[in-house]
Every structure is written in structure tokens, then in C-alpha cells.
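S.K.: The structure that follows is given in the form of C-alpha cells.
FYI, it's all coordinate maths here, none of it is from the lab. These figures come from a predicted structure and were not determined experimentally. Backbone-built Cβ (ideal geometry, glycine too); neighbour counts: all protein chains shown.
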């Protein structure tokens, strides 16, 4: 069981970082050799990653890395906008003093990261703030839906954060989400989260007009 | 796509070994059995029994169970295989909450995208619903409702939302409780569905989303009333 978790994580990282690239066939024996595990474990890991939308398994053809189009990344973000909006609403009605402080600390850290131009830190804190809000919302179905959407669009999100002015925009949006959730006003929290992710959809569309991902940085998470 | 520049050993020289090829067929078969209600919530699923029943190897069955666990249809029991998951009332409410977010999105897109012949299809479905309600044909009405929700998803062409809604729909067979149907609910439900159809056919995205929300809030109310009476 533990063994499988590790293998899933390692395979996922290889896909998200582009070491295993979109469309590449995933041959069990080769992966087993490369990762030093059994074919059975590889096979199970591929099922898990298929569930996360990172791998496609086809009858009689085996598995391959699922290519994610920019259009799909936009769809994913559209779904996140409404489902995370629900989480933000629930979080606002559940929030206590300690969680409020926790969120406000994140806002402060994000402000510092943006001021320092540290895009990697900005992305990490952004992710954490979404995670905290989801946790506070405590919605099992919504959480499962969001977990499955988490990885496929990661590389596009990173590209978006490189667009001029995007992290400053993102900072302002996150701060307004955090303030709304902290205020306990569910309507406001839902609206702020939707607005934030709709703005991300807008940036993804901008990326699409620019012709998508620059080939050289495809899938790489640059060092900070 | 080719495998040029692969960091990992390429697949070119090797034929794909038997691999996971057989597994999807078995997971489809087990899933269908659950969706047909032949495997019921909380029922134990024993690997060796399934292997016999579906004529598959135990390792293929294990893989299929993993897939169905990911889909939320079954759950693992430590050291004891798996069982069909039972969806509690609270969880059914949460599922409905998520539908309440995604289905209006699909309905508004359907309103923007449906062409003339698709609109005729929607109207025909509405007419059939009216007939079913007039005949007090509850099963027929329920089937037509299902068809409408499916069609709206398809017309939206939003693949991500569609995939999620289909998964949630599959989980809805796992309720252990029965929805109490108030007298008069069938006709209300008809009115709600016809409002969705009319908004989509008018190409009015906002109204389509609102009508869908109204319908799902009524479903949510019915769920909560079920909770209050059970």
C-alpha cells in the first residue's frame, strides 16, 4: 500500500514536470524497471493516475500520458470557479478566530512574495489558501471533485503566473477572497472566489491568444 | 505523438504486454451490475467470487475494484476486500450541492449552443414528459428526466463538467433511502423541467441557469424532507 502511494507520487511528479510528456506511451515493464517496482504496482499506479486525469488507458493499446489542452485547462478552471465558490461559502459560515488568523497570515505572506517577485512562493501560498478554504468548507463531494482536477492544469497555471501583472492581480483577488471568507459572509465569499477564478479563466484565454505554452518551459517548474 | 526525446525507455521496440487491457471490460461489467442495483449498498465484494462470476483473473478484478473505488462506487475494507458504498443522506445533500453548481453552468452553455434540430429534440422530450405525467407514469417520467439532464450536459459540450456530473449521477444509485414523493411533486417537477427546456430553446443562458437552480433546489428540499421524516 505504502509502496503504491510512493510510486503514484513519483509518476505524478514525472508527468506534471514534463519528464514523461503528453502522449508518451507508458509501458509497464519499462516503468517497473525505471522505478524499481513490480509490474503489478505500476499497473495500480496507472489506474490511480487515470482517475486524476493524468493518464489514459485504452483497451488493446495500453496506457499513455494524457495530453491536456489549454481548452481543457479553461474548462477545469470554470468548474473550479463554481465548486470552490461553494466551498468558500461554506467556509465563511464555519470559520472561527484561529482559522481567520491562519488565512490572514497567508494573505500577508502572499503580499510579501509578490513584493519580492517570488512567483514560485506566490504559487505555493495561493495553492495553500485554496486548500485551507476547502478544508474549512468541509464538503466531501466538492473536495473529491477538486482533488481530481488538481494536477492536470498545473502547468498552465504556472504559465499564467508568468504573465505580466498576473500575480499582482492574483494577490488582490486572493486578499478579497480571504477577507470575504473571514467576514463570515457566505454570499460575498462565494462571489469573491468565483470572481478570482473567472479572472484566472480570462488569463488562460490570454495565454491561448499568445499561442499557449512556450515550448522551452513546457511543464517545467522553474526554480525560485 | 511520437516518443522522440523520451527520458524513459521508449515503447517502440516492445509490443505492449497484456497490460491493463482486460481490466476496463471487467470494471465496466461490475459497474453495470452496481448501477442496475444487483449489487446493493454495503454488499461485500469478494475478489475470488467476482473472478468466478465475471470470468477474470483475481489481479484483473483487483484492478477493476481500484478503478471503481476511485469513482466512489465501492470502498475498500481493510484486509477484507471491498464493499459497495452506501451514500448517506448528508452525502446525498452534498452531491446535490455540487450539481447545483455544475448543472446551471451546463444549462447556460446549452442555451448558447443548441441548434434548431437540438431544440426540436428538447421540445419533443418536453412533450413526452407531459404525456408521462398525464398518465401518472412515474417510471416513464423519471426516465425522461434522466434523458433531459443527459441531453443538457451533452449540448453544453463542457467535457469536464459532464464527466463530473456523470460520476455523481452513478453515485446516486447508492442511496439507501427512498425519496418521499409528495403528492403533486410529479407535476411540479414537470413544470421545473419544462422551464429549463423553454429557456434553453429561447437561447436565454441566464434563465436556463436559474431554471436549473430552481429545479435542483426543489430536489434538495425533497432530500431534506426525506431526512426529516426518516
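S.K.: Between residue B:135 and residue B:218, what's the calculated FRET efficiency when r is the beta-carbon distance and R0 is 30 Å? Round to 0.05. Working shown, then result.
M.R.: Values: r = 22 Å, r/R0 = 0.73.
For R0 = 30 Å, the calculated efficiency reads 0.85.
S.K.: Tell me, what is the Rg over Rh of region B:115-183, with Rh the Kirkwood radius over Cα pairs? Walk me through the intermediate numbers first.
M.R.: Numbers: Rg = 14.2 Å, Rh = 13.7 Å.
Ratio of gyration radius to Kirkwood radius for region B:115-183: 1.03.
S.K.: Could I have the simple spin-label model distance between residue B:191 and residue A:9, label points 7 Å from Cα toward Cβ, reported in nm to one decimal?
M.R.: It works out to 5.5 nm between the two label points.
S.K.: Now, a different point. For the protein assembly as shown, state the semi-axes of the equivalent ellipsoid (square roots of 5 times the eigenvalues of the alpha-carbon gyration tensor), sorted largest first and rounded to whole angstrom. Mind showing how you got there, number by number?
M.R.: On the way: eigenvalues 247, 202, 99 Å².
Output for the protein assembly as shown: semi-axes of 35, 32, 22 Å.
S.K.: Taking every residue in A:42-48, how many Cβ atoms of other protein chains lie within 10 Å of its Cβ, on average? The partial results should precede the final answer.
M.R.: Values: counts 2, 8, 6, 1, 4, 12, 4.
Average per residue, whole number: 5.
S.K.: I'm a student and want to see the number: the projected area of the Cα convex hull of region B:151-212, averaged over all directions, in nm².
M.R.: Approximately 5.2 nm², given one-decimal rounding.
S.K.: Another question, if that's okay. FRET efficiency for residue A:29 and residue B:77, Cβ-Cβ distance as r, R0 = 30 Å, nearest 0.05? Intermediate results must be reported in sequence, preceding the final value.
M.R.: Working: r = 32 Å, r/R0 = 1.05.
Calculated value: 0.40.
S.K.: Radius of gyration and Dmax for chain B's Cα atoms, expressed in Å?
M.R.: Both quantities, over Cα of chain B: 21.2, 67 Å.
S.K.: For every helix of n ≥ 4 consecutive DSSP H residues, a contribution of -39,500 (n - 2.57) applies; sum these over chain A, divide by its total residues, and give [θ] at 222 nm rounded to the nearest 500 deg cm²/dmol.
M.R.: -23500 deg cm²/dmol
S.K.: Another question, if that's okay. Calculate I(q)/I(0) for region A:93-148 by the Debye formula, one identical point scatterer on each C-alpha and no solvent, and give its log10 at q = 0.15, 0.22, 0.25, 0.29 Å⁻¹ to two decimals.
M.R.: Here the Debye-derived log intensity ratios amount to -0.49, -0.85, -0.95, -1.07.
S.K.: Dividing the alpha-carbon radius of gyration of region A:1-108 by 2.2 N^0.38 Å (N being the number of residues), what value is obtained?
M.R.: On the way: Rg = 18.6 Å, N = 108, 2.2 N^0.38 = 13.0 Å.
Against the compact-globule rule of thumb, the ratio is 1.42.
S.K.: Find the percent of Cα-Cα distances in region B:35-127 that exceed 21 Å, and round it to a whole number. Intermediate results must be reported in sequence, preceding the final value.
M.R.: Values: 2299 of 4278 pairs.
When every Cα pair of region B:35-127 is considered, 54 percent fall beyond 21 Å.
S.K.: When the Debye formula is applied to the Cα atoms of region A:42-162, each taken as the same point scatterer, what base-10 log of I(q)/I(0) results at q = 0.12, 0.13, 0.19, 0.20 Å⁻¹?
M.R.: Log10 of I(q)/I(0), two decimals: -0.56, -0.64, -1.12, -1.18.
S.K.: Provide the gained length on full extension for the span residue B:49 to residue B:146, in nm with one decimal, where the gain is 0.36 nm per separating residue minus the Cα-Cα distance.
M.R.: Details: separation 97, 0.36 × 97 = 34.92 nm, distance 3.26 nm.
Here the answer is 31.7 nm.
S.K.: Suppose the chain between residue B:36 and residue B:113 were pulled fully straight at 0.36 nm per residue; how much longer would it get relative to their current alpha carbon spacing?
M.R.: Numbers: separation 77, 0.36 × 77 = 27.72 nm, distance 3.27 nm.
Once the chain is fully extended between residue B:36 and residue B:113, it gains 24.5 nm.
S.K.: Using the beta-carbon distance between residue A:115 and residue A:94 and R0 = 45 Å, what value does 1/(1 + (r/R0)^6) give for FRET efficiency, to the nearest 0.05?
M.R.: It comes out at approximately 0.90.
S.K.: Count, for each residue of A:14-24, the Cβ atoms from other chains sitting within 10 Å of its Cβ, then give me the mean as a whole number. Spell out each step's value before the answer.
M.R.: Working: counts 2, 0, 0, 0, 1, 3, 3, 7, 1, 3, 10.
Mean partner shielding for this stretch: 3.
S.K.: Let me ask something else. Quick one: compute a quarter of the convex hull surface over the Cα atoms of region B:73-136 and quote it in nm². Could you put the intermediate results ahead of the total?
M.R.: Numbers: hull surface 30.9 nm².
Averaging across all directions leaves 7.7 nm² for the Cα convex hull.
S.K.: Taking the Cα centre of each part, how many Å lie between region B:161-213 and region A:1-80?
M.R.: Their Cα centres are 35 Å away from one another.
S.K.: Quote the convex hull volume per residue of region A:89-224, based on C-alpha atoms, as a whole number of Å³.
M.R.: Values: hull volume 13.7 nm³, N = 136.
Each residue corresponds to 100 Å³ of Cα convex hull volume.
S.K.: Just from its helices, what would the mean residue ellipticity at 222 nm be for chain B, if runs of 4 or more DSSP H residues each count -39500 (n - 2.57) and the sum is divided by every residue, rounded to the nearest 500 deg cm²/dmol? Write down the numbers at each step before the final one.
M.R.: Values: 9 runs with 152 residues, N = 230.
For chain B, the value works out to -22000 deg cm²/dmol.
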